[in-house]
1. Among the listed residues SER99, SER74, SER95, identify the single one that is in contact with an Asp or Glu (Cβ under 7 Å, 6 or more places away or on another chain), within 27 Å of LEU169 (Cβ to Cβ) and at pLDDT 80 or above.
2. Select from the range 372-402 the residues that are at negative phi and not in a helix (DSSP H, G or I) and list them in ascending order.
3. Could you list, in sequence order, the residues of the range 224-270 that are more than 18 Å from CYS362 (Cα to Cα), among the charged types (D, E, K, R) and part of a loop (DSSP other than H, G, I, E, B)?
4. Condition test on LEU203, is it out of contact with any His (no Cβ under 7 Å at 6 or more places or on another chain), modelled with pLDDT under 90 and surrounded by 20 or more Cβ atoms within 10 Å (Cβ to Cβ)?
5. Please determine, by comparing only the residues of the range 351-369 that are in contact with a Lys or Arg (Cβ under 6 Å, 6 or more places away or on another chain) and not in a helix (DSSP H, G or I), which one is surrounded by the most Cβ atoms within 10 Å (Cβ to Cβ).
6. Counting just the residues of the range 325-340 that are outside any helix (DSSP H, G or I) and at pLDDT below 90, which one comes out surrounded by the fewest Cβ atoms within 10 Å (Cβ to Cβ)?
7. Kindly indicate the residue of the range 125-153 that is assigned to a loop (DSSP other than H, G, I, E, B) and more than 20 Å from ILE187 (Cβ to Cβ) and also modelled with the lowest pLDDT among those meeting that condition.
8. Is it the case that some residue within the range 184-199 is among the basic types (Lys, Arg), under 30 Å from LYS152 (Cα atoms) and not in a helix (DSSP H, G or I)?
Amino acid sequence: MELNQECYNSQDPNDPFFSDKIIINEETEILMEESEDELIETVEPLKLLYGICMKCGQRRSYYRWCISCERKQSEENFKNWTSGNNDIDEFIKHSQFYSSGPQTFLEWIPFNRLENIKYLSKASRSTVYSAIWKDGPRILWNHQNQEYKRSKTQVLVKLYHEDQVNEILNELKIYLDCYAQDYALLIQFYGISQHPDHKAYLLIKKYAQNDSLHNYILHNFKSLDWEIKLHLLLYLAEGLKALHNSGYVHRNLNPPNVLVFENGLCAIGSYSKCRKDLSSLNAEEIFGWQRYMAPEFLRYKPYTKASDIYSFGMIMYTVGTGMIPYNKSHDDQYLTLDVCLGLRPKIPVNIPESFSELVIRCWNDEPESRPNIHEIHNTLMNWWSSIYNKCLNSTCLEFLAANDRDHIPYKKGLSGKHLQKCPEN
């Protein structure tokens, strides 16, 4: 399915998908000599142009980011820090040496640079806190002071046990692989720290002001129109597309594992269960929130990208209806059998028909009959751009009409239950 180019023609610079503008150097920097047409031909379509580094004369890979200068500066700084763990040191050094922008530049963050640490939640193998990083990530290079501008930043801190170094590095590797493959919206990881007393390692990443998608829907659903709902799902699809393009499957996709930021964008919050080699599966690997699991996963069959699509369809249901799947009367003890026998949530009649049809396709019992993430992403893009650009076509009118149908009764059959406190993952 192709993008609807007729509707997707916004020239609004505030449009989050508007990427036709070209960023060049500031007036004090060296300007490229080629014409604009020649410059555009030197970069991939829809990629931004970042100009020339005034220090070394090389083309930048990101705004105020020169790979050549960054490598030199990072190497000079390697002797000034250590985590005390050789594997972590080498991983961080590798990320800095090959980083193409600030999103992939990881740091060793001394624990004393974190303050106001507050408990948020606990999962099976980690504990999550919020904290203030006194220094904050590197933002822009200050030519006058010859240093990076930084700003105090609130961060998420995920605490692991001392023996979980491989889990931390695996999650960071997946993040870097995905970012290199696809410039999608991914939650930014800043680096690693360590508690000085019990030696537990801390994974530091971007803070989500609106908490998880589960809690965001729980507290804000009545104020969400379909433009916002599709916007959330579109960005989630961006992240899942990056994972699938990199050869990974997520395996634990559900609303608590999706984070929502202050600007309404959302991203997959954890990659700890992502894997590539899924040729075998045993009972110990069944985990997560059962109501979002694909039936083949519950049958102990290998997990595939199509299994993620099933979970994505369940998230679409939650975002569209404000409910978690299945009726309260369905005990999880019996739900596995019912789902494997074909049970699916009943979709309310006030949900746009085209949206319902896509959700149902994601729930198909045959994995090969489900749409792939590229089709889902393009479909969501068409729907969202039609509303955003006020294209009064049938799709746009369908979703706008649904905004006015908040209290239509459900079709006869099994409905969902409203969101409540979710189980630990």
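1. Numbers: SER74 fails: in contact with an Asp or Glu (Cβ under 7 Å, 6 or more places away or on another chain); SER95 fails: in contact with an Asp or Glu (Cβ under 7 Å, 6 or more places away or on another chain).
Step by step, each of SER99, SER74, SER95 is checked, and only SER99 is in contact with an Asp or Glu (Cβ under 7 Å, 6 or more places away or on another chain), within 27 Å of LEU169 (Cβ to Cβ) and at pLDDT 80 or above.
2. At the first step, the residues of the range 372-402 found to be at negative phi are 372-389, 391-402.
ASN372, ASN389, CYS391, LEU392, ASN393, listed by residue number.
3. Taking the range 224-270 as the starting set, the residues that turn out to be more than 18 Å from CYS362 (Cα to Cα) are 224-228, 231, 242, 245-248, 256-270.
Next, only the ones that are among the charged types (D, E, K, R) stay: 225, 227, 262.
Scanning the range 224-270 gives ASP225, GLU262.
4. Numbers: out of contact with any His (no Cβ under 7 Å at 6 or more places or on another chain): yes; modelled with pLDDT under 90: no; surrounded by 20 or more Cβ atoms within 10 Å (Cβ to Cβ): yes.
No, not satisfied.
5. Taking the candidates together, the pick is TRP363.
6. The first filter runs over the range 325-340 and keeps only residues outside any helix (DSSP H, G or I), leaving 325-331.
After this cut, where a residue has to be at pLDDT below 90 as well, the list is 326-331.
Details: TYR326: 23, ASN327: 15, LYS328: 11, SER329: 7, HIS330: 16, ASP331: 9.
Within the range 325-340, the match that is surrounded by the fewest Cβ atoms within 10 Å (Cβ to Cβ) is SER329.
7. Filtering the range 125-153 for residues assigned to a loop (DSSP other than H, G, I, E, B) gives 125-126, 134-137, 143-146, 151-152.
Retained after the next criterion (residues that are more than 20 Å from ILE187 (Cβ to Cβ)): 134, 143-146.
Numbers: LYS134: 96, HIS143: 69, GLN144: 74, ASN145: 75, GLN146: 72.
The selected residue is HIS143.
8. Just the residues of the range 184-199 that are among the basic types (Lys, Arg), to begin with: 199.
Those left that are additionally under 30 Å from LYS152 (Cα atoms): 199.
Subset that is not in a helix (DSSP H, G or I): 199.
Within the range 184-199, one or more residues are among the basic types (Lys, Arg), under 30 Å from LYS152 (Cα atoms) and not in a helix (DSSP H, G or I).
The values are calculated or read from the model by the stated rules, or taken from the named source; none is laboratory data. Predicted model only: the values in this text are computed from it and were never measured. All Cβ positions, even for glycine, are placed from backbone atoms using ideal geometry, and neighbour counts span all protein chains on display.
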